[in-house]
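Accompanying notes for the structure given below.
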Amino acid sequence: MTDAIVVGSTGQDGALLCERLLRDGFSVAGSYRSSSSGAFWRIDELGVQDDIDFFDYEIGRPAGLADEIRVRKPSLVFFAAGDSMTAASQDAGPRIMSSNVVGCAEQIQSLRQSGSDARAAFFGSSEVFGYSSLPGERAVESTPMRPVNPYGLSKQFAGSLVDHYRNSESMSLFEATLFPHESEFRGPGFLVRKVVSCLVRAKVGVVRGGPTRFGALESTRDWGSARDYMDLLVELMTSDAPPDRYVFGTGVSHSVRDVFQIVASLVDMALEERDTPEGRALVDASTGHPVAIVEARSLANAGHGLVGSSKKLFDAIGEKSLQPFRQTLSHMVEVEFSQHRLA
């Protein structure tokens, strides 16, 4: 018997979930994709690989997932597997839909086939709300959904499946509508991690193929801490809160320009915006070298993201303090520097 199963245990959220559950004394089983090379680096860095009972599961090949749930008899199941690359989704609609919609459907079906009465959490996204013409618009669970990219559409459809089976069959299905959440375990293609890597590399003198390219500096998001959100999710799932959809957000908006300015201050760098032959650029004022090129982007990943209200979540588990965004960035910068020192 296993206390908790984390499906997708090797991603940022899955790895942090495993670490938190183990710290709380849970026995944990986690799925991984055998076709994914280097999948365990997050688990390795957290030092918990030997404490997790792994099994193979890949979306689109669900054979065995129901059996894993049936045999292990968990009280909690976290479905963290899926595709979360918003920026790439415009050109990868079929892959995104297959991963997030088909994945959600087969995971719910596996729960049904297993006969499990476990409380199960599915990972939603603030991208279902779309974007606003002005920064700071607030979103709650009942805010109308207006996704503007395939990733947001996939999460809207998956959330509808979760709602359907929760209501039609009284399954204990939760949906965590997660606003962007960051840590040193973010993949290198995500914006905040890209900014941190870009500026740390520039500071230590590592140049790889010229300046990194970014979208509009004016775009805003509600960025939180991945550790905070995984901690809150475990608290929600172990409380007596009813199965439902819950928003996880900080309620604070930052622009991409804010991210650059905060990270620049953390690495002791002054940035200037200048026009260069490659286009508008952020330049290291001390060297005159461009460190980032700013490009116009389509509405698929531009504009002002809404900010999340966690009131319903905190009403269920009690008010919690969230880590300030600057502190999250500071830790990411510290880890990035340490990796370059070890290289």
Item to complete: Residue by residue through region 139-159, note down the ones that are of a type in the set (S, T, N, Q), within 20 Å of the chain's Cα centre (by Cα) and either more than 16 Å from ILE96 (Cα to Cα) or outside any helix (DSSP H, G or I) (or both).
Response: ASN149
Worksheet item: Inside region 122-175, can you point out the residues that are within 19 Å of TYR246 (Cβ to Cβ), in contact with a strand residue (DSSP E or B) (Cβ under 9 Å, 6 or more places away or on another chain) and of a type in the set (A, V, I, L, M, F, W, C)?
Response: PHE122, PHE123, VAL128, PHE129, ALA139, VAL140, ALA158, LEU161, VAL162, MET171, LEU173, PHE174
Discussion item. Being of a type in the set (Ser, Thr, Tyr) and farther than 25 Å from GLY130 by Cα narrows it down to one residue among THR238, THR220; which is it?
Written reply: THR238
Item to complete: Scan ILE262, ILE317 and give me the residue that is under 25 Å from GLU184 (Cα atoms), touching a helix residue (DSSP H, G or I) at 6+ places or on another chain (Cβ under 7 Å) and either modelled with pLDDT under 95 or surrounded by 16 or more Cβ atoms within 10 Å (Cβ to Cβ) (or both).
Response: ILE262
Worksheet, complete the sentence: Checked against (1) more than 19 Å from the chain's Cα centre (by Cα); (2) open to solvent by less than 20 Å² (accessible area, probe 1.4 Å), SER310 satisfies every condition except (1)
Worksheet item: Any idea which of VAL206, VAL196 is at negative phi, part of a helix (DSSP H, G or I) and touching a residue at least 12 places away in the same chain (Cβ under 8 Å)?
Response: VAL196
Worksheet item: part of a strand (DSSP E or B), of a type in the set (Ser, Thr, Tyr) and touching a strand residue (DSSP E or B) at 6+ places or on another chain (Cβ under 9 Å), is that true of SER31?
Response: yes
Discussion item. Quick check on region 1-51: of everything there that is in contact (Cβ under 8 Å) with a residue 24 or more places away in the chain and among the hydroxyl-bearing types (Ser, Thr, Tyr), which residue is nearest to GLY64 (Cα to Cα)?
Written reply: SER31
Worksheet item: Out of all the residues in region 224-250, which are open to solvent by less than 20 Å² (accessible area, probe 1.4 Å) and in a loop (DSSP other than H, G, I, E, B)?
Response: ALA241, GLY249
Worksheet item: Would it be correct to say that LEU153 is under 26 Å from THR220 (Cβ atoms) and open to solvent by 60 Å² or more (accessible area, probe 1.4 Å)?
Response: yes
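Each row is one residue, and each column tells you yes or no for (1) within 21 Å of the chain's Cα centre (by Cα); (2) farther than 30 Å from SER255 by Cα; (3) open to solvent by 40 Å² or more (accessible area, probe 1.4 Å); (4) of a type outside the set (Asp, Glu).
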| site | (1), (2), (3), (4) |
| --- | --- |
| SER99 | yes, no, no, yes |
| VAL102 | yes, yes, yes, yes |
| ALA105 | yes, yes, yes, yes |
| GLN109 | no, yes, yes, yes |
| GLN113 | no, yes, yes, yes |
| SER116 | no, yes, no, yes |
| SER125 | yes, no, no, yes |
| GLU137 | yes, no, yes, no |
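Residues checked against (1) open to solvent by 30 Å² or more (accessible area, probe 1.4 Å); (2) within 17 Å of the chain's Cα centre (by Cα); (3) farther than 26 Å from SER114 by Cα; (4) among the polar types (S, T, N, Q):
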{"position": "THR2", "(1), (2), (3), (4)": "no, no, no, yes"}
{"position": "ILE5", "(1), (2), (3), (4)": "no, no, no, no"}
{"position": "SER9", "(1), (2), (3), (4)": "no, yes, no, yes"}
{"position": "ALA15", "(1), (2), (3), (4)": "no, yes, no, no"}
{"position": "CYS18", "(1), (2), (3), (4)": "no, yes, no, no"}
{"position": "SER31", "(1), (2), (3), (4)": "no, no, no, yes"}
{"position": "SER34", "(1), (2), (3), (4)": "yes, no, no, yes"}
{"position": "ASP44", "(1), (2), (3), (4)": "yes, no, yes, no"}
{"position": "ASP51", "(1), (2), (3), (4)": "yes, no, no, no"}
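Listed residues GLY14, GLY25, GLY30; which is under 16 Å from ARG186 (Cβ atoms) and small (Gly, Ala, Ser)?
From the options GLY14, GLY25, GLY30, the qualifying one is GLY14.
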Worksheet entry | Pairs with Cβ under 9 Å, 6+ apart, first in region 156-181 and farther than 18 Å from ALA316 by Cα and open to solvent by 10 Å² or more (accessible area, probe 1.4 Å), second part of a helix (DSSP H, G or I) and among the basic types (Lys, Arg) | TYR165/ARG112; GLU169/ARG112; MET171/ARG112; HIS181/ARG227
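The values are calculated or read from the model by the stated rules, or taken from the named source; none is laboratory data. Please read these numbers as outputs of a predicted model, since none were measured by experiment. Cβ coordinates were reconstructed from backbone atoms using ideal geometry, including for glycine residues, and neighbour counts include every protein chain displayed. Please note that ligands, DNA and RNA were not included when accessible areas were found on the heavy atoms of the full protein model with its side chains. Shrake-Rupley method; radii C 1.70, N 1.55, O 1.52, S 1.80 Å.
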